[in-house]
1. Restricting the search to segment 22-40, which residues are charged (D, E, K, R) and either within 13 Å of ligand 1 (Cβ to nearest atom) or under 18 Å from E146 (Cα atoms) (or both)?
2. Would you mind finding the one in L170, L148, L117, L152 that is within 16 Å of ligand 1 (Cβ to nearest atom) and assigned to a loop (DSSP other than H, G, I, E, B)?
3. Of the residues in segment 212-231, how many are part of a helix (DSSP H, G or I) and either without any contact (Cβ under 8 Å) to a residue 12 or more places away in the chain or more than 30 Å from K158 (Cβ to Cβ) (or both)?
4. Could you tell me how many of the residues in segment 158-167 are away from ligand 1 (no atom under 16 Å from the Cβ) and either modelled with pLDDT of 95 or more or of a type in the set (A, V, I, L, M) (or both)?
5. Might you check whether a residue that is of a type in the set (F, W, Y) and free of Cβ contacts under 8 Å to residues at least 24 places away in the same chain occurs anywhere in segment 198-211?
6. Tell me, which residue of segment 163-193 that is buried (at least 16 other Cβ atoms within 10 Å of the Cβ) and basic (K, R) is nearest to ligand 2 (Cβ to nearest atom)?
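The values are calculated or read from the model by the stated rules, or taken from the named source; none is laboratory data. If you're wondering where the values come from, they're calculated on a predicted model, not measured in any experiment. Heads up, the Cβs are rebuilt from the backbone with ideal geometry, glycines too, and the neighbour counts pull from every protein chain shown.
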Amino acid sequence: MQIEAQAEFDSHSHWFTESSLAQSSRVGECLVCSNLTHCERQAILSFLGEGMMSPRSRSAFLKGNGFCARHFWMAKGIEENEWPARALGAAILCENLVTIAIEKLPSTKDLSRRPALGPFRHKPTVNVRRGGWGCVFCQEWDKREESLIEILQYLKHKPAWSEKIARSPLCVRHGLMALQVWKNPSDKLQLREELGEQLRQLQADLKEFIRKRDWNYRNELVGREQDAVFRAIQFLIGPARQFPVQKAGAEGRRNNGTRNR
Ligand SMILES: [Zn+2]
Ligand SMILES: [Zn+2]
């Protein structure tokens, strides 16, 4: 099993992924989440830096109807941070999409037609696709996510890695994915045990957190439950630092569409 697994891993030629994962393991959060977040930022930077000038990347962007909301706002924030004086990438991409949106406006002829009235009149079908439905960064994320899970099942048997993986335990989603993807039953049983243990610990911490919010127990000392909500969201959904850009100054935009300067 070991030799077979090692050969399969080597055939992936993922040595670069291994070194990138080694970096991510220093953070101490779910190894897959950390690596995805890191690579997502790198991908956006490189797209804005040079990638978008290549006709292939630009056409992939347009084919996907732009970026999804998460990645468009991230790209704008990253660009403003990296190149504050000459941020132009998002403007060019938006201009492309605006041009297409103008071309795709429904014709005035179609709109002037009055819908049929009467007993057989049906509610019109609404069919407007979400902007960025084929976002290139989302596609990259999905592909990378699955390949990371596959790679981990081989890495965890390497001596230097078992400790790194133990220090950055998988979140619920990536744990469940590993239980579907991994082949070795003993690896899966061990992972299931770890996930269950983490969930039970979180459950106890959350119950304690809720109990101590009761007026009657307000004078009790705070314990390990104090960051239980943060840890629970991180374990259930993913790390908070996935959203560094939205956090910085997003308030002003959300309220009135203008920025506070
Ligand atoms: Zn994760
Ligand atoms: Zn996306």
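1. Filtering segment 22-40 down to residues charged (D, E, K, R) leaves 26, 29, 40.
Residues satisfying the conditions are E29, E40.
2. Being within 16 Å of ligand 1 (Cβ to nearest atom) and assigned to a loop (DSSP other than H, G, I, E, B) holds for just one of L170, L148, L117, L152, which is L170.
3. Of the residues in that region, 11 qualify.
4. Let us first name the residues in segment 158-167 that are away from ligand 1 (no atom under 16 Å from the Cβ), namely 158-163.
Restricting the remaining residues to those that are either modelled with pLDDT of 95 or more or of a type in the set (A, V, I, L, M) (or both) gives 160.
Qualifying residue count for the region: 1.
5. Yes, segment 198-211 contains a residue that is of a type in the set (F, W, Y) and free of Cβ contacts under 8 Å to residues at least 24 places away in the same chain.
6. R173
Matching residues to (1) modelled with pLDDT of 95 or more; (2) surrounded by 13 or more Cβ atoms within 10 Å (Cβ to Cβ):
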{"position": "L195", "(1), (2)": "yes, yes"}
{"position": "R200", "(1), (2)": "yes, no"}
{"position": "W215", "(1), (2)": "no, no"}
{"position": "P239", "(1), (2)": "no, yes"}
{"position": "R253", "(1), (2)": "no, yes"}
{"position": "R261", "(1), (2)": "no, no"}
